[in-house]
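These notes concern the structure reproduced below.
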Amino acid sequence: MATLRKPPFDGIRDALAGKCLTWLVTGSAGFIGSHLVETLLGLNQQVTGLDNFSTGHRENLRQIEDAVGPQAWKRHRFIEGSVADLETCREACRRADIVLHQAALGSVPRSIADPLATHAANVTGFANLPTDDAVLPSMHILRKPFDLPDILRAVNQCLERVSLAAAA
């Protein structure tokens, strides 16, 4: 007889129940990023969004605010800026436990028409997210494509770290 497994989202919801992490979602006004922000706020998490609206839309953020309500929206901090700007990335990452990196410029025609802007967003932006453990020892950065086990592993590691800090 086959064993029924929990749907993946249930595993994330269960892991986060009663716990609050701070998440940075780059590209938070885009299609995927805005859905991540809405879901995380719905799971009572703190969320910082970073977007420069090059492909994302302010309307997506307004829809999130309407969907989650004013109380949940208070747990959202938004930074308008580019991942290509190192200081903006550092500010956005400052209190983050987990980074969900979604910011990018897609489109082959766009990349041919403006290769420098595409490089700045996709390569420099990727490199600007801190990875130096000496600077940010507790941060987990998940760059797309990431999958559910990656997210659960990062959440569990953050929760273990929070538990150890509370016990000290």
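The values are calculated or read from the model by the stated rules, or taken from the named source; none is laboratory data. These figures come from a predicted structure and were not determined experimentally. Note that each Cβ is placed from the backbone with ideal geometry, even for glycine, and that neighbours are counted across all protein chains shown. Please note that ligands, DNA and RNA were not included when accessible areas were found on the heavy atoms of the full protein model with its side chains. Shrake-Rupley method; radii C 1.70, N 1.55, O 1.52, S 1.80 Å.
Structure notes:
- Subset of the stretch 77-101 [assigned to a loop (DSSP other than H, G, I, E, B) and either out of contact with any Phe, Trp or Tyr (no Cβ under 9 Å at 6 or more places or on another chain) or over 30 Å from CYS20 (Cβ atoms) (or both)]: GLY81, SER82, ALA84, ASP85, ARG94, ARG95
- Taking the numbered list (1) at pLDDT below 95; (2) within 30 Å of GLY18 (Cβ to Cβ); (3) among the charged types (D, E, K, R) in turn, ASP51 passes all entries but (1).
- Scan of the stretch 22-76 for residues that are in a helix (DSSP H, G or I) and among the acidic types (Asp, Glu), ordered by number: GLU38, GLU59, GLU65, ASP66
- Leading residue by the ranking (farthest from HIS101 (Cα to Cα)) among those in the stretch 13-35 that are of a type in the set (A, V, I, L, M) and at pLDDT 90 or above: ALA29
- Residue in the stretch 2-20 that is closer than 14 Å to GLY125 by Cβ and either polar (S, T, N, Q) or touching an Asp or Glu at 6+ places or on another chain (Cβ under 8 Å) (or both) present: no
- Exactly one residue out of ALA84, ALA96 is open to solvent by less than 50 Å² (accessible area, probe 1.4 Å) and closer than 14 Å to ASN128 by Cα: that is ALA84.
- Selection within the stretch 102-128 - in contact (Cβ under 8 Å) with a residue 24 or more places away in the chain and touching a Leu at 6+ places or on another chain (Cβ under 6 Å): ALA121, ASN128
- So PRO149, is it surrounded by fewer than 12 Cβ atoms within 10 Å (Cβ to Cβ) and at pLDDT 65 or above: no
- Applying the criterion of being touching a strand residue (DSSP E or B) at 6+ places or on another chain (Cβ under 6 Å) and free of Cβ contacts under 8 Å to residues at least 40 places away in the same chain to the residues of the stretch 21-39, the residue that is farthest from ALA67 (Cα to Cα) is ALA29.
- Just so you know, in the stretch 105-115 the residues that are surrounded by 10 or more Cβ atoms within 10 Å (Cβ to Cβ) and either in contact with a strand residue (DSSP E or B) (Cβ under 9 Å, 6 or more places away or on another chain) or aliphatic (A, V, I, L, M) (or both) include one that is nearest to GLY81 (Cα to Cα), and it is LEU105.
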